[in-house]
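Read through the structure below, which is laid out as structure tokens, and then see the notes.
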Amino acid sequence: MKLCRERPEFAVDLASEMLGIPIPDYDEAIPYSECATDSVVRDLNADNVVLCREGGLARMGIILEIQQGQDKRKRFSWPAYQINIRHRIGAPVALIVVCPTSSVADWAAEPIETGHPGFVFQPLVLGPDNYPKLTTVSGTGELAEQMVLGTLVHQYAADSRRLFAAASEELAALPPDQAARYAEYMMRQLSERPRTILEALVQQETYPYQSKLLTDREARGEARGEARGEAKGAAEILIDVIEARGLSLSENQRRRIEQCTDTNQIRAWAKRAVTAPSVGDIID
């Protein structure tokens, strides 16, 4: 949810306008650490957290999660995100899950039984059934974040091309650098077929941010090539550490490590590998 790092107030808009969450008075909304880790448990990191403050004091936190598919581990981590961040900031915290399909949205909206009487955690969900389809351009860029997120939520809709076109046109009202970043967010968050449709659309039209977008994508492509090489080396070292400790490594686990291109993720696994009792505790 890089959109909320660009404009933290967007998280407040989603919470108040689309989900009806009461927001206390505040004078600033700022990006906040996504880390929800307690010192005695494994790393917990939400996708994005925004902190609303008044006079420098926390008034409310908003956690935003993008959920592409069902993941039973989230039934445990989502309540932990809310509880740990609420404990840290000393203020109410809401958790919002954004889903691109109705089936995932229905799953994410299921109440989570925590085991404690009276404490049932209820995620708040935005999906194809309750996120608006925005096809009318404002001309000022004020709907940019809503439209960009809408391309993720409605990427499988029959009229997705109209949504992509409207979002692309809305971005034209933003400064070229910001518009190029938002366009890149759109492309990166879509699955392969919708992304192909969006890329073809952008190439057919002429937008002020096009040259900046293409230049940035080429530069990132070169950087990704270097990063993949770094990740491969880190993965090999991690496997050596696991084998040196005598831990049992399945073919699926080996493949997952070798195919990971996120160097930061591999480093996090490597820290766990020093003391973890099994490979499952390292990478799951």
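The values are calculated or read from the model by the stated rules, or taken from the named source; none is laboratory data. Given the structure is predicted, the values throughout are model-derived calculations rather than measurements. Backbone-built Cβ (ideal geometry, glycine too); neighbour counts: all protein chains shown.
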Can you tell me which residue in region 90-129 is modelled with the lowest pLDDT, limited to those that are among the β-branched types (Val, Ile, Thr) and surrounded by fewer than 20 Cβ atoms within 10 Å (Cβ to Cβ)?
114
Those residues that are in a helix (DSSP H, G or I) and surrounded by 13 or more Cβ atoms within 10 Å (Cβ to Cβ), I need them from region 272-284; list them, please.
272, 273, 279, 281, 282, 283
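Looking at this structure, is residue 80 in the same structural domain as residue 46 (by TED's automatic domain parsing), surrounded by fewer than 19 Cβ atoms within 10 Å (Cβ to Cβ), within 20 Å of residue 32 (Cα to Cα) and within 19 Å of the chain's Cα centre (by Cα)? Step through it out loud before you land on a result.
Working: in the same structural domain as residue 46 (by TED's automatic domain parsing): yes; surrounded by fewer than 19 Cβ atoms within 10 Å (Cβ to Cβ): yes; within 20 Å of residue 32 (Cα to Cα): yes; within 19 Å of the chain's Cα centre (by Cα): yes.
Against the criterion (in the same structural domain as residue 46 (by TED's automatic domain parsing), surrounded by fewer than 19 Cβ atoms within 10 Å (Cβ to Cβ), within 20 Å of residue 32 (Cα to Cα) and within 19 Å of the chain's Cα centre (by Cα)), residue 80 qualifies.
Please specify each residue of region 115-144 satisfying the condition of being assigned to a loop (DSSP other than H, G, I, E, B) and under 17 Å from residue 79 (Cα atoms). Lay out the reasoning, then the answer.
In the first step, residues of region 115-144 are kept if they are assigned to a loop (DSSP other than H, G, I, E, B); the result is 115-119, 122-123, 127-143.
Answer for region 115-144, where residues must be assigned to a loop (DSSP other than H, G, I, E, B) and under 17 Å from residue 79 (Cα atoms): 115, 116, 117, 118, 119, 122, 123.
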Output the residues belonging to region 153-162 that are among the aliphatic types (A, V, I, L, M) and surrounded by fewer than 22 Cβ atoms within 10 Å (Cβ to Cβ).
157, 158
Looking at residue 174, is it closer than 18 Å to residue 143 by Cα and assigned to a helix (DSSP H, G or I)?
no
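Give me a count of the residues in region 54-83 that are farther than 22 Å from residue 22 by Cβ and part of a helix (DSSP H, G or I). Full working, then the answer.
Initial filter on region 54-83 (farther than 22 Å from residue 22 by Cβ): 66-77, 80.
From what's left, part of a helix (DSSP H, G or I): 74-77, 80.
Residues that pass the stated criteria total 5.
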Meets criteria (outside the structural domain of residue 51 (by TED's automatic domain parsing), part of a loop (DSSP other than H, G, I, E, B) and of a type outside the set (S, T, N, Q)) for residue 157
yes
